[in-house]
Amino acid sequence: MILYGIKSCDTVRKARRWCEANNAEFQFHDFRVDGLDEATINGWLQFISWEVLLNKRSTTWKQLDDSRKESLGQANAVELMLENPTLIKRPVLSDNTMCMVGFKEADYAVHFAK
């Protein structure tokens, strides 16, 4: 199980603390430090839509030129997220069988109980 995010993000910190407190096995992957590739994002998109993954409430989104926001589809959304990983909703919890975006304690409890 890999937990993707940015270590300075409060929600990512909550997810990491929950995992540690509940002895949930995971690896942490920091977008800024460890990078991000198209194959990883496309793997997530097998389980969730790009609309769920793209954070349109982020400061980074608000600072984008309107021309970049218009006519948005999966291909250019992936391109934007690769250029600006802070456009990805955090955290992303993923393995080869699932992908969850955001942190809700109840959802993590159900997933890690399996």
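Here's a check for you: in segment 57-95, which residue that is in contact with a Phe, Trp or Tyr (Cβ under 8 Å, 6 or more places away or on another chain) and of a type in the set (D, E, K, R) is nearest to R17 (Cα to Cα)?
Checking each candidate, the answer is R90.
Taking only pairs six or more apart or across chains, which ones have beta-carbon atoms under 6 Å, a first residue in segment 14-33 that is farther than 19 Å from N96 by Cα, and a second residue that is among the hydroxyl-bearing types (S, T, Y) and surrounded by 11 or more Cβ atoms within 10 Å (Cβ to Cβ)?
W18/Y108
Can you name the helices (runs of 4 or more DSSP H) wholly within segment 1-45 that have at least 3 residues being farther than 25 Å from V78 by Cα?
10-21
Does segment 29-39 hold any residues that are farther than 20 Å from S8 by Cβ and not aliphatic (A, V, I, L, M), and which are they?
Correct list: D37, E38.
Only one of F31, F26 is surrounded by 11 or more Cβ atoms within 10 Å (Cβ to Cβ), closer than 11 Å to Y4 by Cβ and modelled with pLDDT under 95; which?
Of F31, F26, the one residue that is surrounded by 11 or more Cβ atoms within 10 Å (Cβ to Cβ), closer than 11 Å to Y4 by Cβ and modelled with pLDDT under 95 is F31.
Counting only residues that are of a type outside the set (S, T, Y) and surrounded by 17 or more Cβ atoms within 10 Å (Cβ to Cβ), how many does segment 1-17 have?
7
Just checking: which of the helices (runs of 4 or more DSSP H) contained wholly in segment 52-114 hold 3 or more residues that are more than 18 Å from the chain's Cα centre (by Cα)?
Result: 66-69, 105-113.
Any residue in segment 42-62 that's farther than 21 Å from T97 by Cα: show its pairings with residues that are outside any helix (DSSP H, G or I) at Cβ separation under 7 Å, as long as the two are six or more apart or on different chains.
From residues that are farther than 21 Å from T97 by Cα, the pairs are N55/I88; N55/K89; T60/N84; W61/N55.
Can you tell me which residues in segment 98-114 are on the phi < 0 side of the Ramachandran plot and among the small types (G, A, S)?
A106, A109, A113
Could you say which residue among N84, N76, N55 is over 22 Å from I2 (Cβ atoms) and surrounded by 14 or more Cβ atoms within 10 Å (Cβ to Cβ)?
N76
Test D10 against the criterion of being within 17 Å of M81 (Cα to Cα) and not hydroxyl-bearing (S, T, Y), and give yes or no.
no
The values are calculated or read from the model by the stated rules, or taken from the named source; none is laboratory data. From a predicted model like this one, the values you see are computed outputs, not experimental measurements. Here Cβ is always computed from backbone atoms with ideal geometry, including for glycine, and neighbour counts include all displayed protein chains.
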